[in-house]
1. Counting other beta carbons within 10 Å of each residue's own, what order do 269, 177 fall into, fewest first?
2. What whole-number volume per residue, in cubic angstrom, does the convex hull of the C-alpha atoms of the range 162-282 give?
3. In nm², what is the average projected area of the convex hull enclosing the Cα atoms of the range 54-200?
4. Any idea what angle helix 99-110 forms with the longest principal axis of the chain, computed on alpha-carbon atoms, 0 to 90 degrees, nearest 10?
5. Size of the range 74-124 along its principal axes in angstrom, Cα-based, largest extent first?
6. Have a look at 93, 138, 197 and tell me which one the Gaussian network model of the chain (Cα, springs below 10 Å) gives the largest fluctuation.
7. What FRET efficiency comes out for residue 47 versus residue 272 if R0 is 45 angstrom and r is the Cβ-Cβ distance? Round to the nearest 0.05.
8. Rounded to the nearest 500, what is the 222 nm mean residue ellipticity of the chain from helices alone, with -39500 (n - 2.57) per DSSP H run of 4+ residues and division by all residues?
């Protein structure tokens, strides 16, 4: 993947420049908590949390406060009370980029601010169509592509959240069975809701509005070079062979006992035939729409940050 040159709409920060924006924000995550927040292959360090996520949590806290004041002002203008609307954050990026880890760190950091202690996190995986439906439509090999989601259900979920509904449910996806479960996640008027998924920044034909991205107050894209993304995917696939893939209900259990070389070949085939295609066709084109881009190096460290101008 070629290097991205952000447009004049973005402010560009090196890691050290971004870290300086932390100001006096205290570090609220301890080293023994990092293992719970980390993904399967990407390491997390206190330095990374301090340099990247503390300034980001400070910026988001300011945005949340500004949004709250705007809601209050608007309610006063119309002389009526309205249900508090959660601040909605979208986290996008490729498979294996580390979106989930970024979302979990943000959740922990933002929940430490006293102004908004309740921060919920959902993933759009729960809004995938069940495997039976995908198989019937010939879309099982395109899982993760826009057409594999129940977009209407996801839009309705976000509409209810934005309207301040007291209790909204989101379906839960299992990465072991590779399918939708019978369980749901209940979201009850959080102060902040983080929505993590492959295509939360995607749009479509004008006639299809609103889009999922229309509901977000702030969006983040986790970026990395394609070669690194493939390497991380293969590494995660190999790790799963000795863990989740060995469970009896695992969708990919047939790969658990393959020789290392054969498993790597399978992982690279899956990456190049499905995930890379989806990245190039649907995910990467949305990167420039993000309010903030976190660019990773080959070691999963965030090396630069691009912030959209206001």
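1. Fewest-to-most ranking of 269, 177: 269, 177.
2. So the per-residue Cα hull volume is 151 Å³.
3. Here the figure is 9.7 nm², rounded to one decimal.
4. For helix 99-110, the angle is close to 30 degrees.
5. Extents along the principal axes: 48, 24, 13 Å.
6. Between 93, 138, 197, it is 138 that shows the largest mean-square fluctuation.
7. Computed FRET efficiency for residue 47 and residue 272 comes out at 0.85.
8. -9500 deg cm²/dmol
No value in this document is a laboratory result; all are computed from the given coordinates. In this text the structure is predicted, and so the values were computed from the model without any measurement. Quick reminder, even Gly has a Cβ in these numbers, built from the backbone with ideal geometry, and neighbours come from all protein chains shown.
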